[in-house]
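Notes follow the structure.
The values are calculated or read from the model by the stated rules, or taken from the named source; none is laboratory data. Every value quoted in this text rests on a predicted model; they were computed, and no experiment measured them. With ideal geometry, Cβ positions are generated from the backbone for all residues, glycine too; neighbour counts draw on all protein chains shown. Calculation scope for accessible area: heavy atoms of the full protein, side chains included, ligands and nucleic acids excluded. Shrake-Rupley method; radii C 1.70, N 1.55, O 1.52, S 1.80 Å.
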Amino acid sequence: AALKEGIRPLKFRLDRLRNSLEIEDENQNQNDNQNGQKKQQHKQLEQKCKQLQNQLTKMTSLHQSLQNSSLTSTSAFSNNFHSYSPSPLHARLVHLPPHAHHCKPTLSSLTSSDVGTIIQISGTCIRTSPIRMMETTRYYTCLAKGCGHVFSCTADFGTSNNALALPIICPLVEDGECNSTSFAVMPEMAIKVDYQEMKVQESVS
């Protein structure tokens, strides 16, 4: 749109220059005794007209190319929309100002209801563990004949080692379609993240 708006003033300036040239030509035909300065101005107007014409041609070509590219991208996105699968997003919040709703006055005020939520605490970090790999989601496929259902199990962060719960029965048992208890792990679909434990001691006030 910005490029299209930029083409308009170029066209306007080009039309004005062309009108000026026409007027100069008429004056030149009426008066054969024009001096060298007039002829020089006429040549300058012709050069400016050619330059503007070249700019207008390039901008028009660029505008057309961008339109064609936009149509191609829109078509490709439309064709691939249903097969698009976004990757998990892991956000890290830093340097947040204190907020009364999330800020805990002391470490001892933490409760089980704070698990899985964002909180702000103040203390002294006394120990950190090495960065380890943690498998947060594991995928399985049902081995029952005619089933092949693929499902996932997520890590239980409430346990001491963030253990992954093992499947007991095919999830399709709820629909009455399968009650198999045989599964195979799909390691290529596993979701893994970096994991680190920190021990924080309450600051002495």
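Just checking, how many residues over region 109-151 are in contact with a Ser or Thr (Cβ under 8 Å, 6 or more places away or on another chain), open to solvent by less than 60 Å² (accessible area, probe 1.4 Å) and assigned to a loop (DSSP other than H, G, I, E, B)?
4
Criterion first (in a strand (DSSP E or B), polar (S, T, N, Q) and free of Cβ contacts under 8 Å to residues at least 40 places away in the same chain) does THR154 satisfy it?
yes
Given the conditions (1) open to solvent by 80 Å² or more (accessible area, probe 1.4 Å); (2) touching a residue at least 60 places away in the same chain (Cβ under 8 Å), and given that VAL204 satisfies all but one, which numbered condition is not satisfied?
The single condition VAL204 does not satisfy is (2).
Condition check: more than 29 Å from PHE157 (Cα to Cα) and modelled with pLDDT of 75 or more. Does GLN51 satisfy that?
Criteria met by GLN51.
Out of (1) open to solvent by less than 70 Å² (accessible area, probe 1.4 Å); (2) farther than 17 Å from GLY116 by Cβ; (3) out of contact with any helix residue (DSSP H, G or I) (no Cβ under 9 Å at 6 or more places or on another chain), the odd one out for GLN196 is which?
(1)
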